[in-house]
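Just so it is clear, none of the values below were taken in a lab; they were calculated from the coordinates. Source: prediction; values computed, not measured. Neighbour counts are summed over all protein chains in view; Cβ atoms, including those assigned to glycine, are modelled from backbone coordinates with ideal geometry.
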Amino acid sequence: MKILSAAQMSWVDQQTMKDQEVSSLDLMERAATTVFDEIKQLYPRLAQYTFYIFCGKGNNGGDGLVLARLLDQQQAQVNVYLVDATDYSTANLANQKRLSAHLIQKISPDTQVHIPAGAIVLDCLFGYGLKRPLAEEWRSLITGINCCTGPIYAIDMPSGLLSDGPTAAEAPVIQADVVYTFQSPKLGLLMPGNSRWAKAFRVLDIGLSRSALEQVDTIFHYIDLALLGPFYRKRSKFDHKGTFGHCLIIGGSRGKMGAVQLALKAALRSGCGLASAYIPSCGYTSIQTAVPEAMVISDPEEEMITQFPDTRTFQSIGVGIGMGTAQYTIDAFKVFIMQGLDTALVLDADALNILAQDRDLWQFVPKGSILTPHPKELSRILGTWQNDFEKLEKVKAFAEEYQLYILIKGANSAIVTPDGTVYFNSTGNVGMATGGSGDILTGILTALLGQGYSSQETLIMGVYLHGRAADIAVQTLGVYSLLPSDIISHLPAAFLELEKQS
Ligand SMILES: NC(=O)C1=CN([C@@H]2O[C@H](COP(=O)(O)OP(=O)(O)OC[C@H]3O[C@@H](n4cnc5c(N)ncnc54)[C@H](OP(=O)(O)O)[C@@H]3O)[C@@H](O)[C@H]2O)[C@@H](O)CC1
Ligand SMILES: [K+]
């Protein structure tokens, strides 16, 4: 799914009106009706609820006015607060006239509102038309709304949040529990730093012109099953284990052998033909016992890796998890990486920490390699950033310079490719924030790379399935109790979904 800028959304809206011969008013009715349907599903007995609907002067406010009419028709208690203006959009004015005048109360940006307990708020002050951060004069209205005890649903965007650029932390912005955004997720909804304003969002299909959507060119994409379908390979009965690659996980140190165990299990659950581990010898028995399907090669040293194996017979290699940064390990890793390998690697954890200490090493990392840093590892590599947008630019520059694929881990993890394309993930949940989740991702990615998927395909599919398995798992286990190993045991369900859709 494409992620469109405000300007692109506006262009697609215009094209839709031409292609489908509909007016702005029709489109507004359609958009607001999709939100109304969602709300009706959440609150089937609408007549029992009170809605506080805050409307601006543009088309986002117009959506709110339509919603007010639809809710009023279902006997919900409706209170509309419309920002007083002299320049309402045409569709906004038309919808004011369609609503009983007694329902509308005019307010100014500095009005102080008190919302009673139990009321539901619909935020329709600003959508993608917000061009600059809201001025101070809006603070009292926005703060009053944010103080409500009931849920806040924002239409298209939380008001005050910019769609395409950074919003200052102290800016007045609506804190939406759920954002119903039209047709395409907006960048501002995906940035982790904005999560207190957009706690969750749902993309609603409002039937905008397919051909216009296809024509829009964007470097930003949102990963869904439809994106995976074209490259997911179904298996034929003539395939055999040699077809699916032999993957190698290099990592582990005394006390951190579990990381390798998790990665191996995840790799085996992700369809690799053969899986091997290279580990310090103290882990030999535990890995052989815990993962009987895997093969183990051990370093001569007990507690840490001091040399790297010949990797030429393996189709894919994942390096770094649980490896530690003992000097012997650092020295051995440097020799390994400086030999000039011609296979893309999956690099995680301590492999990244070692590389981060010596910028000269990056030139030796095989082009097309996959890096999966968590935020701390990423800042060791790139330094600091002011906001998520700057972080993204820094990652893009680095990915291009060294021709690498970089995963920015977090809610809505983002994959950055060497040509600057960005794929945001749509799966995953807060239950994954437990040590070990990343080791599983390394296993999945190494397995997919070994099966012949390109680095880009590997990341899109691996990150999606990793999150999806966790999403399926929390349906029965909940976010508090989810263990990384539960992600592995739910990988089959995630793969099955993909198999069915392809
Ligand atoms: N197009 C369609 O047919 C459809 C559109 N749809 C809906 O329309 C929404 C987009 O509507 P929109 O373009 O009217 O913009 P909107 O977000 O309502 O705000 C614009 C107003 O805000 C003002 N303004 C801007 N920045 C400001 C600031 N910092 N501080 C103060 N004011 C500021 C700006 O005034 P200006 O600065 O230009 O004078 C302008 O008056 C979209 O999100 C979706 O909900 C759906 O119904 C589908 C059909
Ligand atoms: K809004």
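Taking residues in the stretch 42-66 that are farther than 15 Å from Leu25 by Cβ and near ligand 2 (Cβ under 10 Å from one of its atoms), and partners anywhere that are aromatic (Phe, Trp, Tyr) and in a loop (DSSP other than H, G, I, E, B), the pairs with Cβ atoms closer than 6 Å and at least 6 places apart or on different chains are Gly56/Phe126.
Is it the case that Thr285 is touching a Ser or Thr at 6+ places or on another chain (Cβ under 9 Å), more than 23 Å from Gly245 (Cα to Cα) and among the polar types (S, T, N, Q)? Answer is no for this residue. The single condition from (1) under 21 Å from the mean Cα position of the chain (by Cα); (2) within 16 Å of ligand 1 (Cβ to nearest atom) that Ala212 fails is (1).
Please find, among Ala267, Ala259, Ala277, the residue that is touching a Cys at 6+ places or on another chain (Cβ under 6 Å) and crowded, with 19+ Cβ neighbours inside 10 Å. Step by step, each of Ala267, Ala259, Ala277 is checked, and only Ala267 is touching a Cys at 6+ places or on another chain (Cβ under 6 Å) and crowded, with 19+ Cβ neighbours inside 10 Å. Number of residues in the stretch 188-214 that are of a type in the set (Gly, Ala, Ser) and part of a strand (DSSP E or B) equals 1.
Given the criteria closer than 18 Å to Ala411 by Cα, in contact with a helix residue (DSSP H, G or I) (Cβ under 9 Å, 6 or more places away or on another chain) and either in a helix (DSSP H, G or I) or not charged (D, E, K, R) (or both), does Gly252 qualify? Here the answer is no, as Gly252 does not meet what is asked. Looking only at the stretch 20-41, residues that are under 14 Å from Ile155 (Cβ atoms) and either touching a helix residue (DSSP H, G or I) at 6+ places or on another chain (Cβ under 9 Å) or touching a residue at least 60 places away in the same chain (Cβ under 8 Å) (or both) come to 12 in all.
When the stretch 156-187 is limited to residues that are of a type in the set (A, V, I, L, M, F, W, C) and part of a strand (DSSP E or B), the one that is farthest from ligand 1 (Cβ to nearest atom) turns out to be Val178. When Asp331 is tested against (1) among the charged types (D, E, K, R); (2) within 33 Å of the chain's Cα centre (by Cα); (3) surrounded by fewer than 18 Cβ atoms within 10 Å (Cβ to Cβ), only condition (2) is not met. When the residues of the stretch 46-62 are filtered to those that are in a strand (DSSP E or B) and crowded, with 24+ Cβ neighbours inside 10 Å, the one that is nearest to ligand 1 (Cβ to nearest atom) is Cys55.
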